[in-house]
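Engineer: Sharing a structure, written as structure tokens. Questions coming.
The values are calculated or read from the model by the stated rules, or taken from the named source; none is laboratory data. This structure is a prediction, so every number in the text was calculated from the model and none was measured. Cβ placement follows ideal geometry from the backbone for every residue including glycine, while neighbour counts extend to all protein chains displayed. Note: accessible area is taken over every heavy atom of the protein model, side chains too, but ligands, DNA and RNA are not part of it. Shrake-Rupley method; radii C 1.70, N 1.55, O 1.52, S 1.80 Å.
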Amino acid sequence: MPETKVSDMGQLVVIALGGNAIADREQVRAEQQEERVRRTAQAIVEIVAEGYRVCLAHGNGPQVGTIFLQQRAADSDRTPAMPLDVCGAMSQGMIGYWLQQALQESLGRRGLRMPCATVVTQTLVDPGDPAFQAPTKPIGPFYPREEAEILARESGYAFREDAGRGYRRVVPSPLPVEILELPPVRQLLEAGCLVIAAGGGGIPVLRAPGSDRCQGVEAVVDKDRAAAKLADQLEADLLLILTSVPAAAIRYGQTDQRDLGEVSSDELARYIRQGEFAPGSMLPKVEACIAFVRGRQGRRAAIATIEDAVAALHGLKGTQVQA
Ligand code: ADP
Ligand code: MG
């Protein structure tokens with residue numbers, strides 16, 4: 001029997017799910033998150049029904065923040081708190097489990113048969129990445145100033161004031177160098193699986209020089225950048241970033257805001273230089289799209305809402321980026 005390759009089986013789309021695909025800011029109980037994931041799964045299954053191969057990536061900010069706090073709350077000799085990289089692995093398993101159940105249910109309802117699997121994913125980062133000198137990514141809860149100062153002294157963590165809401169721990173956000181579980185992700189896709197990978201940007205790890213030994217680091221890789229890296233390494237046809245706004249916009253939030261439709265990577269790069277996209281939210285999405293479409297000819301990337309996902313795949317809604 002001839003070997004079947006991912007490329008022979010319909011277009012491959014890597015979908016990056018934003019935080020609002022999994023949890024509402026106020027609704028964080030397990031059953032509430034499961035309900036939200038169920039709605040998201042329906043949209044993903046619509047894409048599967050169109051004949052696309054799907055690899056899902058997702059955010060984990062609120063979930064990993066909660067797990068981290070639960071660890072601290074239970075901290076004792078008998079139940080020691082786990083470090084951030086291990087909390088990242090826990091969040092990948094938890095969200096992957098919810099997605100697998102919800103996807104199976106939605107697939108079944110549509111009369112589709114397809115195995116779904118989550119791959120615990122490590123993302124290799126560079127110890128020389130300048131991000132390690134300047135932590136920027138807020139994680140976990142807000143603290144009053146005095147409490148943050150005590151925690152900083154006791155733990156050595158860095159804290160920063162976050163938009164007038166209090167102090168939060170900040171960790172470095174290095175760039176993804178390589179998705180280490182690429183081979184199993186590819187094999188699962190080739191076997192016809194719907195794959196969930198690189199959750200929360202993947203667990204950031206460093207590799208000891210001249211060895212295969214990897215070690216987790218206290219950092220967070222941006223999930224949109226990790227999804228773009230995964231899409232690039234998988235040689236996907238499309239990168240679809242699903243979030244809470246229908247498009248990337250210029251003059252965002254102002255009376256003359258303009259949502260971007262079809263746009264070239266050069267035009268987007270110009271808007272970046274003009275400071276149109278907020279760092280930490282829209283900027284990494286736009287940068288991820290540019291990096292992906294410039295990686296090889298014929299690629300397309302889009303930013304849209306979950307409701308518009310299928311239309312965005314067809315180029316009809318959202319911000320549509322081509323080289
Ligand atoms: P996700 O969880 O999907 O990654 P983020 O909150 O990180 O979501 O990013 C989406 C947010 O980016 C939007 O809710 C919007 O408030 C914000 N944003 C900042 N700048 C822009 C812009 N130029 N155009 C559109 N949205 C923007
Ligand atoms: Mg984000």
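Engineer: May I ask for the equivalent-ellipsoid semi-axes of the range 259-323, computed as the square root of five times each C-alpha gyration tensor eigenvalue and listed largest first in whole Å?
Structural biologist: Working: eigenvalues 65, 43, 19 Å².
Sorted largest first and rounded, they come to 18, 15, 10 Å.
Engineer: Loop only by DSSP, 10 or fewer other Cβ within 10 Å of the Cβ. Give me the GluC sites (Glu not before Pro) in the range 1-102 that pass, ordered by residue number.
Structural biologist: Working: sites: E3, E26, E31, E34, E35, E46, E50; in loops: E3, E26, E50.
Passing both the DSSP loop test and the Cβ count: E3, E26.
Engineer: Write down the percent of antiparallel bridges among all DSSP beta bridges whose residues are both part of the chain, to the nearest 5.
Structural biologist: Working: 19 of 47 bridges.
Among the beta bridges of the chain, antiparallel pairing accounts for roughly 40 percent.
Engineer: Another one. Of the listed peptides 300-307, 94-101, what is their order by residue-averaged count of other C-beta atoms within 10 Å, with the highest listed first? Walk me through the intermediate numbers first.
Structural biologist: Working: 300-307: 23.4, 94-101: 20.6.
Highest to lowest by the protection proxy: 300-307, 94-101.
Engineer: Using just the helices of the chain, give the 222 nm mean residue ellipticity in deg cm²/dmol: DSSP H runs with n ≥ 4 each add -39,500 (n - 2.57), and the total is spread over all residues, rounded to 500.
Structural biologist: On the way: 9 runs with 118 residues, N = 323.
Calculated from helices alone, the mean residue ellipticity at 222 nm is -11500 deg cm²/dmol.
Engineer: Probe radius 1.4 Å, ligands and nucleic acids left out: which of V205, V177 has the largest accessible area, and how do the rest follow? Mind showing how you got there, number by number?
Structural biologist: Numbers: V205 5, V177 70 Å².
From most accessible down to least: V177, V205.
Engineer: Sort 271-280, 183-192, 252-261 by the packing proxy (mean of other Cβ within 10 Å over each peptide's residues), most packed first.
Structural biologist: Working: 271-280: 13.0, 183-192: 16.4, 252-261: 11.2.
Per-residue Cβ counts within 10 Å, averaged per peptide and sorted highest first, yield 183-192, 271-280, 252-261.
Engineer: For the chain, modelled as a GNM with alpha-carbon contacts under 10 angstrom, which of V195, V217, V286 fluctuates the most?
Structural biologist: It is V217.
Engineer: Measuring from the lowest to the highest alpha carbon on each principal axis, how far does the chain reach, largest first, in angstroms?
Structural biologist: Result, largest extent first: 59, 50, 45 Å.
Engineer: Ok, one more. Determine the relative contact order of the range 137-179: mean sequence separation of Cα pairs under 8 Å and six or more apart, normalised by residue count, in whole percent. Before the final figure, lay out each step's value.
Structural biologist: Values: 52 pairs, mean separation 19.9, N = 43.
Relative contact order here is 46 percent.
Engineer: Another question about this same structure. Over the range 152-282, what percent of the accessible surface lies on carbon and sulfur atoms, probe 1.4 Å?
Structural biologist: Details: 2870 of 6170 Å².
Accessible surface attributable to carbon and sulfur in the range 152-282 totals 46 percent.
Engineer: Once each part is reduced to its C-alpha centroid, what is the distance from the range 134-212 to the range 73-110 in angstrom?
Structural biologist: Cα centroid of the range 134-212 versus Cα centroid of the range 73-110: 15 Å apart.
Engineer: Mean separation of Cα pairs under 8 Å and 6+ residues apart, divided by the residue count of the range 89-243: what relative contact order is that in percent? Intermediate results must be reported in sequence, preceding the final value.
Structural biologist: Numbers: 263 pairs, mean separation 41.6, N = 155.
Averaging sequence separation for qualifying contacts and normalising by length gives 27 percent for the range 89-243.
Engineer: Relative contact order, percent, of the chain when contacts are C-alpha pairs under 8 Å separated by at least 6 residues?
Structural biologist: Details: 661 pairs, mean separation 63.7, N = 323.
That works out to 20 percent.
Engineer: Shifting gears a bit: Using the heavy atoms of the protein chains and a 1.4 angstrom probe, tell me the accessible area per residue for the chain in square angstrom.
Structural biologist: Details: 15830 Å² over 323 residues.
Averaged over the residues of the chain, the accessible area is 49 Å².
Engineer: With a 1.4 Å probe and every protein chain kept in, tell me what percent of the accessible surface of the range 91-146 is carbon plus sulfur. Walk me through the intermediate numbers first.
Structural biologist: Working: 1650 of 2970 Å².
The nonpolar share, carbon plus sulfur, comes to 56 percent.
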